[in-house]
1. Give the residue from 215, 73, 201 lying farthest towards the positive end of the charge dipole for segment 2-255; charges sit on Cβ (+1 for Lys and Arg, -1 for Asp and Glu) and the dipole is referred to the Cα centre.
2. What percent does the relative contact order of segment 2-255 come to when contacts are Cα pairs within less than 8 Å and at least six residues apart?
3. Expected output is a single nm value to one decimal: the length gained when fully extending between residue 185 and residue 237, i.e. 0.36 nm times separation in residues minus the C-alpha distance. What is it?
4. Using the alpha carbon gyration tensor of the chain, what are the three equivalent-ellipsoid semi-axes (square root of 5 times each eigenvalue), largest first, in whole Å?
5. Suppose every Lys and Arg Cβ carries +1 and every Asp and Glu Cβ carries -1, with no other charges. What dipole size does the chain come out with about its Cα centre, to the nearest 20 debye?
6. If you take every DSSP beta bridge whose two residues both sit in the chain, what share of them, in percent to the nearest 5, is antiparallel?
7. Would you calculate, for the chain, the mean residue ellipticity at 222 nm contributed by helices, counting each DSSP H stretch of 4 or more residues as -39,500 (n - 2.57) and dividing by all residues, to the nearest 500?
8. From the cross-link list 111/218; 108/254; 218/254; 116/218, which pairs have alpha carbons spaced over 20 Å apart?
Amino acid sequence: MALLGCNVADALLLWPPSGVVVGAPTSRREVTANGAAVEIWVLGPAHPEAYVLTFYGNADRADWRVQDDAARLPNAQIWGVNYPGFGGSVGPATLRGVAAAADAAYDKLAKEAGGKPIFAFGESMGTTAALHLGATRKIEGLVLVNAPPLQQLVLGRFGWWNLWLLAFPVANQIPRELDSLHNASLCSMPAVFVSAENDNVVPPDYQRRIMDAYAGSKEVIIVPGGTHNSGVSSETEQEILAAVSRMMTRAIVKRR
């Protein structure tokens, strides 16, 4: 049982791609979280109508993704966060580091935003960071794609084969800051949930637990036939973008 002395949850749930991307077409910034440098990749207009903090999956990185997000949201400035240990952010990769990086990125952005709306978008593991900010910071709206309730997922999906001898300790190692069911109950801002119909990593019934716990208004979009990492049809993408645009426009108009 010596394995249980280390943080198994970090090793099982985070698969960090590291290294520097040469020629990334974005502006790189740094913040400090827990004494270590965390990189943020920024793309979008210099004087945007709104700002978006984006958090990606457990094997993804911001410098691969912000260009596509900026193209979809041309009026927003995108801040893509690489967790500690991901990309050029200093490691180690830990779940507590995910929350700390989110806090540090938000605090830096809030100083620059000048009162303009800040939104948080998350995919998969990134939804835990977005919901953490929704529960603890001033966020105008959330977009949550295939959101996992980590503790419940570990216990329900991976406990049976080891009689829960490993699943219970792993679930207990997930920090309170990333308890998405609890955080969802504290979020009062509007949200757009996107859920893959045939998600094989975070089954839809687990995603619905977060939707049901969410305290704010919400719009739910189901991706027909979608799996956890599959793309979406152009029709579904337009439906998602329309929902996101409605949410963001309401907050922008309210702030004017």
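Here, each number is a calculation from the coordinates, and none is a lab measurement. From a predicted model like this one, the values you see are computed outputs, not experimental measurements. All Cβ positions, glycine included, derive from the backbone under ideal geometry; neighbour counts span all protein chains shown.
1. Result: 215.
2. For segment 2-255, the relative contact order is 16 percent.
3. On the way: separation 52, 0.36 × 52 = 18.72 nm, distance 2.75 nm.
Extra length from residue 185 to residue 237 when fully extended: 16.0 nm.
4. Here the semi-axes work out to 28, 22, 17 Å.
5. 700 debye
6. Restricted to the chain, the bridges split so that about 30 percent are antiparallel.
7. -11500 deg cm²/dmol
8. On the way: 111/218 28 Å; 108/254 23 Å; 218/254 18 Å; 116/218 22 Å.
Among 111/218; 108/254; 218/254; 116/218, the Cα-Cα distance tops 20 Å for 111/218; 108/254; 116/218.
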